[in-house]
Amino acid sequence: MKIDLTGHTAVVTGGTSGIGLATASLFLDAGANVAICGRDQGRLDDATAALTADHSDRPFLAVPCDVLDKDSVAKFTETTVEHFGGVDTLINNAGQARVSKYEDTSDEAWREELDLKFFSVLHPSRAFQPHLEKSDKAAIACTSSLIARQPEPHVVATSAARAGQLSLIHSMARELAPKNIRVNSILIGVVESAQWQRRYDALPDGKPAYDDWLKEQAVAKGIPLGRFGKPEEAARALFFLGTPLSSYTTGSTIDLSGGLSRHVG
Ligand code: NDP
């Protein structure tokens, strides 16, 4: 099946790296207008170079924006709508995990993590909603994590925050359905990305090669498929949820955990 998204505008938060970058690339492949954001100008420049090298003919925008800063998100929204005339898909992807256990997570760290997981969805969703309401293909797709349903002790605050975030996403799906905005999410186990590269880089000397280390991590985590996911595998699920390919789906999740998920239902 081929989908032509000419005239369709997709916004990807955290589109400068990993899953977000791969998602932006898929929307460009399908002919959509794409706007991405991230905080770091160097990463925005690198992503722009990578995406426009493959899609030089496609309308594309890269805007510096911190999704936790309401004014910054308002500006990103305004710039995108001025440029493309509207928005059809919002991919709420920006974020990162916090590695810490119950014993060593400070009050401040808890607040930061709850802030990130809630407002990375709330700020862009609220800002883009009036424009999504004008689309007949409106969809919000969020990158979430399996730990929302299956908490891991070494990421205690992220697990709890993801559970709350997933509850929010499901509530939004119910409330926005009458406005014809579908809201869904993907639940990732582990996907190769800059997050994992950073964890590898922080290891002391004497570490194995990166690919070997990834394989070791996958085995240690007991991932049934025996490997981490690739950003493009997560991107394909976000693309499905963010386009009319999933036109009768809202308030749902897609599992991308390589079989790591152990819960039923
Ligand atoms: P990357 O680190 O490769 O990408 C994260 C992206 O988010 C970057 O573009 C980063 O750019 C951006 N970002 C982070 N914080 C903000 C912010 N406050 N405002 C705007 N942009 C921001 O990681 P992944 O691709 O792995 O992560 C994508 C999403 O998937 C994240 O929400 C992550 O938590 C989630 N996830 C990933 C898993 C994995 O195994 N990879 C597992 C479960 C969930 P910049 O730093 O320049 O702002």
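The values are calculated or read from the model by the stated rules, or taken from the named source; none is laboratory data. Computed from a predicted structure; not experimentally measured. When we count neighbours, we look across all protein chains shown, and the Cβ atoms used for this are built from the backbone with ideal geometry, even at glycine. Accessible surface is based on the protein model in full, side chains and every heavy atom, while ligands, DNA and RNA are left aside. Shrake-Rupley method; radii C 1.70, N 1.55, O 1.52, S 1.80 Å.
Between the alpha-carbon centers of the range 74-118 and the range 191-240, tell me the distance in whole angstrom.
22 Å
For the chain, what does the equivalent ellipsoid look like in terms of its semi-axes, each the square root of 5 times an eigenvalue of the Cα gyration tensor, given largest first in whole Å? Don't jump to the answer; show the numbers that get you there.
Values: eigenvalues 162, 88, 70 Å².
Gyration-tensor ellipsoid for the chain: 29, 21, 19 Å.
With a 1.4 Å probe and every protein chain kept in, tell me what percent of the accessible surface of the chain is carbon plus sulfur. Could you put the intermediate results ahead of the total?
Working: 6540 of 12800 Å².
Heavy-atom surface of the chain belonging to carbon and sulfur, 1.4 Å probe: 51 percent.
So how far, in whole Å, is the C-alpha centre of the range 12-47 from the one of the range 161-183?
Computed from Cα coordinates, the inter-centre distance equals 23 Å.
What is the set of long-range amide H partners of Ala32 at a cut-off below 5 Å, with H atoms built 1.01 Å from backbone N?
Leu5
Between Ile3 and Lys221, take the C-beta separation as r, use R0 = 41 Å, and let me know the FRET efficiency to the nearest 0.05. Before the final figure, lay out the partial values.
Numbers: r = 34 Å, r/R0 = 0.82.
Once the sixth-power term is evaluated, E becomes 0.75.
Sort out the exposed loop trypsin sites (Lys or Arg not before Pro) in the chain (DSSP loop, at most 11 other Cβ within 10 Å) and tell me the longest stretch that has none.
Working: sites that count: Lys2, Arg262.
With a cap of 11 other Cβ atoms within 10 Å, the longest stretch comes to 3-261.
Test of understanding: in a Gaussian network model of the chain with alpha carbons linked when under 10 Å, which of Ala218, Ala53, Ala163 would top the mean-square fluctuation ranking?
Result for the chain, Cα springs under 10 Å: Ala53 fluctuates most.
Starting from the Cα of Ala50, move 7 Å in the Cα-to-Cβ direction to define the label point; list residues of the range 210-230 whose amide nitrogen is under 15 Å from there.
Backbone N within reach: 230.
Please list, in chain and number order, the residues 5+ apart from Ser100 or on another chain whose amide H is under 5 Å from its amide H, with Hs placed from the backbone.
Correct list: Val155, Val156, Ala157.
For the range 185-200, just list the computed ³J(HN,Hα) in residue order, Karplus coefficients 6.51, -1.76 and 1.60, θ = phi - 60°, integers in Hz, with x standing in for Gly and Pro.
3J(HN,Hα) across the range 185-200, in whole Hz: 8, 10, 10, 8, x, 9, 10, 4, 6, 4, 4, 6, 4, 5, 5, 5.
From the phi angles alone, apply the Karplus equation (6.51, -1.76, 1.60; θ = phi - 60°) to the range 207-218 and give each ³J(HN,Hα) in whole Hz, x where the residue is Gly or Pro.
6, x, 4, 3, 5, 5, 5, 4, 4, 4, 5, 5
On a 18 Å Cα-Cα criterion, which of the cross-link pairs Lys70/Lys137; Lys75/Lys137; Lys70/Lys117 come out too long? Each step should come with its number before you reach the end.
On the way: Lys70/Lys137 25 Å; Lys75/Lys137 23 Å; Lys70/Lys117 14 Å.
Pairs exceeding the cut-off: Lys70/Lys137; Lys75/Lys137.
Using only helices, what value at 222 nm comes out for the chain when you add -39,500 (n - 2.57) per DSSP H run of length 4 or more and divide by the total residues, to the nearest 500 deg cm²/dmol? List each step's numbers first, then the result.
On the way: 8 runs with 119 residues, N = 265.
Result for the chain: -14500 deg cm²/dmol, rounded to the nearest 500.
Given 0.36 nm per residue, what is the gain on full extension from Lys207 to His154 after removing their alpha carbon distance, in nm? Walk me through the intermediate numbers first.
On the way: separation 53, 0.36 × 53 = 19.08 nm, distance 2.09 nm.
That works out to 17.0 nm of additional length.
Would you look at the GNM of the chain, springs on alpha carbons closer than 10 Å, and say which of Gly206, Gly242, Gly15 moves the most?
Gly206
Taking amide hydrogens as modeled 1.01 Å from N in the peptide plane, which residues meet the under 5 Å criterion relative to Ser252, leaving out close sequence neighbours?
Correct list: Ser185.
Return the sequence-ordered ³J(HN,Hα) values of the range 59-67 in whole Hz as given by the Karplus equation 6.51 cos²θ - 1.76 cosθ + 1.60 applied to θ = phi - 60°, using x for Gly and Pro.
Once θ is set to phi - 60°, the couplings for the range 59-67 become x, 9, 9, 10, 10, x, 6, 9, 5 Hz.
Between Ser171 and Asp69, what is the spin-label point distance in nm, taking each point 7 Å from the Cα along the Cα→C-beta axis?
2.8 nm
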